[in-house]
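Trainee: Here it is: the structure, laid out below.
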Amino acid sequence: MGSLTVQIDDAGVGDLLFGVVVGVHRKETGEFHYEVIPVSYFQTPQFSKKLYLDKATEITLDLLHKMKLEDVEDVEICSSFLFDKTRPLLEERLGKERVRTRAITGDAQDNVETAYLDEIRNLGYEPIQERDEKRARSFFHMLNWVKKNPDRLKYAKTGWPRLRRYIRLR
C-alpha cells in the first residue's frame, strides 16, 4: 500500500464574517473533518493575544486524533500564519520528514472552503460568486451586510486593525 497523506487547511481567516474553519482531509480516501475557531478569537480582547494560534493547534491535534493519523502517514499543512504554532509542534511530534508546508489545493481546499461557506450561510449571509478572485468586493459585500443590521457585528472579525477604518465599534 502506498503512503497516505493527510492535508490540513483553513478557510475564512481573511474574511470579515464568522470564525475560521480548520479542516483535515485524507487525500487517498476523501475522509474529511473540520472544526471552527470561534469568531471571538478574532475580536477584542482575545485577538491581540493571538490566542487563535493556540486554538488552531488544539483543533488540528483534535482533528488528527479523530482522523486516527497512522504512523506511516505524511502531513501536508497550509502555509497560513494561522498554523505558525501548529507546524513546529507537528514536526516535533511526528518528525520533520513527515510534515510538509505547502499550498493546499484540490479536494482538501474545496472541502474546507465549502464548510466555511456553509457556516456563513447559516448566519443568513449569501456570499458573492467568484469570492476568491474578488477579495475586496467580497469584503465590502460582507461589511455592507453587517452595517445593515448592527446586531450582526457579533459575527465580524472586529480585531483586525484595518477594520476599524470601516466600522465604528461601540
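The values are calculated or read from the model by the stated rules, or taken from the named source; none is laboratory data. What you are looking at is a predicted structure, and each value in this text was computed from that prediction instead of being measured. Using ideal geometry, Cβ is built from the backbone for each residue, glycine included, and neighbour counts are taken over all protein chains shown.
Conditions (1) buried (at least 18 other Cβ atoms within 10 Å of the Cβ); (2) touching a helix residue (DSSP H, G or I) at 6+ places or on another chain (Cβ under 6 Å), marked per residue:
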| position | (1), (2) |
| --- | --- |
| Glu113 | yes, no |
| Ile120 | yes, no |
| Ile128 | no, yes |
| Phe140 | no, no |
| Val146 | yes, yes |
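Trainee: Going through the range 49-68 one residue at a time, which ones are free of Cβ contacts under 8 Å to residues at least 60 places away in the same chain and either not aliphatic (A, V, I, L, M) or not in a helix (DSSP H, G or I) (or both)? Even if it seems obvious, please write down each step before you answer.
Mentor: Let us first name the residues in the range 49-68 that are free of Cβ contacts under 8 Å to residues at least 60 places away in the same chain, namely 49-66, 68.
Within the range 49-68, Lys49, Lys50, Tyr52, Asp54, Lys55, Thr57, Glu58, Thr60, Asp62, His65, Lys66, Lys68 meet the criteria.
Trainee: Sticking with this structure for a sec: Using beta carbons and a limit of 8 Å, which pairs, at least six apart or on different chains, have the first residue in the range 83-109 and at pLDDT 95 or above and the second one of a type in the set (S, T, N, Q) and part of a helix (DSSP H, G or I)?
Mentor: Pairs that qualify, where the first residue is at pLDDT 95 or above and the partner is of a type in the set (S, T, N, Q) and part of a helix (DSSP H, G or I), are Phe83/Thr57; Phe83/Thr60; Lys85/Thr57; Thr86/Thr57; Thr86/Thr60; Leu89/Thr57; Leu90/Thr60.
Trainee: Then there's this: Take the residues in the range 1-41 that are of a type in the set (Phe, Trp, Tyr) and within 23 Å of Ala103 (Cα to Cα); name whichever of them is surrounded by the fewest Cβ atoms within 10 Å (Cβ to Cβ).
Mentor: The initial filter retains those residues of the range 1-41 that are of a type in the set (Phe, Trp, Tyr), namely 18, 32, 34, 41.
Subsequent filtering for residues that are within 23 Å of Ala103 (Cα to Cα) retains 18, 32, 34.
Values: Phe18: 25, Phe32: 19, Tyr34: 21.
If we take residues in the range 1-41 being of a type in the set (Phe, Trp, Tyr) and within 23 Å of Ala103 (Cα to Cα), then Phe32 is surrounded by the fewest Cβ atoms within 10 Å (Cβ to Cβ).
Trainee: I would also like to ask the following. Can we say Ser3 is among the hydroxyl-bearing types (Ser, Thr, Tyr), free of Cβ contacts under 8 Å to residues at least 60 places away in the same chain and part of a loop (DSSP other than H, G, I, E, B)?
Mentor: no
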